[in-house]
Amino acid sequence: MKEYEKLDKLIARQIDINNVKVEFKVEFKDKHPKREYTLIEDENGYRIERKVENRQLPKITINAIEELEEQQEMTDEDKRIVFDLFIKLRNNDVDKIAIKGMRLLNPVLTATIGQSVIANLSRQILPEDRKTLYIYWKQKRKEEFLDKFYEIVTNIMIRQLKDKLESKDISTAVFPTSVASSETPNYYICEPEEIYTLDTKVKLFEKVAESICGRCGQRLYGLYVPEEGSEIKEILRDYLDLYSVNVGKIAEVGRINLREIGPFEYVFYLLDKALQEMFRRNKLPDYHVELFVIEGVGGGKKFYSHYIIPNLVELFYKLYHGDEKYWVSGANKVVSKIKAMVASFLVENWNIDAGMKQNNSEIAHRQIDRILYYIFCHRRLDMDAILFMEDLKVKLGDTTPILFLEEVVSWI
């Protein structure tokens, strides 16, 4: 199908097998009496697992079949069964492959749709492919093993992802609700159900896969820049890993509580670096960007949001176009005045007690995120949030002024 032409290549590029470790398993099961024996081979040798009448017996580790007779905790019947499993392995008759370290390069993609695909990967490897992989692995033909493994998992993952995309619908960030029209996150709505065409799903999938990702506390962020905005990715590539953004490093605003950085604060630190450079290169960001947000970690319930930040060119002209929009800091470094203003709001940099910084960090970052939301999405300042931060600064005992506030207000 035409919709899948780009998708196949995109999925293949996302698969990372550099840290993959495998275990090859052969099994014996008996109903009367109820017994399960598993012989597992990995790079460290062999492991024997036994389960009798739902009771898990101690695991046994050996290096070769010859050590089987020395195992005093095993009965003669145990040894006979495990010996047969060794013969099965020698015949390359592998029952299962356990895969560890498999991942997609993009963590937002992994969290939205990739986890279930990876979890179901090993059980879909065909018997003849398990045999081929085991032979390559056993004979230490590493390059052939990795090539064959990559081919197999790529085909399985492409097929699984296509099945998911063709299904009725799934509630992940791949299928967001709508453009955010207020500061309230637009979490996925299940009732009434929203349905998307396959073409829309594929396009959204591509956006998630190609987003610039970073984790801040319990939030995972992905910033999508359209193809016409390739210069933003080109610029940021010189400063960060696009799939694992170090926000503190790219922000360069002194001390900062990474756990409390909100979605629009995340976008600001990335775009600030790129838009400064674009001014120097005489380039215009005449396009929009999109933001995917996943809140929640681990296996529990997660919340997904999707925002569209309108055409950046107006924002660029207001805040980044012109030498007067920059200043030279005490470290003799050129800094945008808007970033100097935002840095002045960071409670972590205020001249106050450490305990006060910790107690007020969450609320301060929430207000900073609100300020930046209104700048990005509505091209105006939320003066209530600004006044709140000024009052909080004075209340906590730091009387230094907010840098360039009046100038930024006049520009916007």
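The values are calculated or read from the model by the stated rules, or taken from the named source; none is laboratory data. Since the model is a prediction, treat every value here as computed from it, not as a measurement. All Cβ positions, even for glycine, are placed from backbone atoms using ideal geometry, and neighbour counts span all protein chains on display.
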Single condition residue 380 does not satisfy, out of (1) surrounded by fewer than 12 Cβ atoms within 10 Å (Cβ to Cβ); (2) free of Cβ contacts under 8 Å to residues at least 24 places away in the same chain
(2)
If I filter region 303-335 down to residues being more than 11 Å from residue 379 (Cβ to Cβ) and crowded, with 19+ Cβ neighbours inside 10 Å, which single residue comes out as farthest from the chain's Cα centre (by Cα)?
325
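For region 393-412, which residues satisfy the criterion of being in a helix (DSSP H, G or I), in contact (Cβ under 8 Å) with a residue 40 or more places away in the chain and closer than 14 Å to residue 345 by Cβ?
393, 405, 408
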Which members of region 342-357 meet the condition of being in contact (Cβ under 8 Å) with a residue 60 or more places away in the chain and either within 23 Å of residue 291 (Cα to Cα) or out of contact with any helix residue (DSSP H, G or I) (no Cβ under 7 Å at 6 or more places or on another chain) (or both)?
342, 343, 344, 346
So, first residue not assigned by TED's automatic domain parsing to the domain that holds residue 238 in region 269-284, second residue assigned to a helix (DSSP H, G or I) and surrounded by 21 or more Cβ atoms within 10 Å (Cβ to Cβ), Cβ within less than 8 Å, six or more apart or across chains; the pairs are none
Determine whether residue 405 is within 35 Å of the chain's Cα centre (by Cα) and either assigned by TED's automatic domain parsing to the domain that holds residue 259 or charged (D, E, K, R) (or both).
yes
When only residues in region 1-42 that are basic (Lys, Arg) and over 23 Å from the mean Cα position of the chain (by Cα) count, which is modelled with the lowest pLDDT?
2
Residue in region 279-289 that is crowded, with 22+ Cβ neighbours inside 10 Å and either more than 26 Å from the chain's Cα centre (by Cα) or among the hydrophobic types (A, V, I, L, M, F, W, C) (or both) present
yes
Quick one: residue 14 ticks every box in (1) in contact (Cβ under 8 Å) with a residue 12 or more places away in the chain; (2) out of contact with any Asp or Glu (no Cβ under 6 Å at 6 or more places or on another chain); (3) more than 30 Å from residue 211 (Cβ to Cβ); (4) not small (Gly, Ala, Ser) except a single one, so which number is it?
(3)
Do we have residue 7 as over 21 Å from residue 120 (Cα atoms), among the aliphatic types (A, V, I, L, M) and either assigned to a strand (DSSP E or B) or touching a residue at least 60 places away in the same chain (Cβ under 8 Å) (or both) here?
no
Does any residue of region 49-67 turn out to be at negative phi, among the acidic types (Asp, Glu) and touching a residue at least 24 places away in the same chain (Cβ under 8 Å)?
no
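Whether any residue in region 338-360 is out of contact with any Asp or Glu (no Cβ under 6 Å at 6 or more places or on another chain), part of a loop (DSSP other than H, G, I, E, B) and closer than 14 Å to residue 253 by Cβ is what I want to check.
The answer is yes, given that some residue of region 338-360 is out of contact with any Asp or Glu (no Cβ under 6 Å at 6 or more places or on another chain), part of a loop (DSSP other than H, G, I, E, B) and closer than 14 Å to residue 253 by Cβ.
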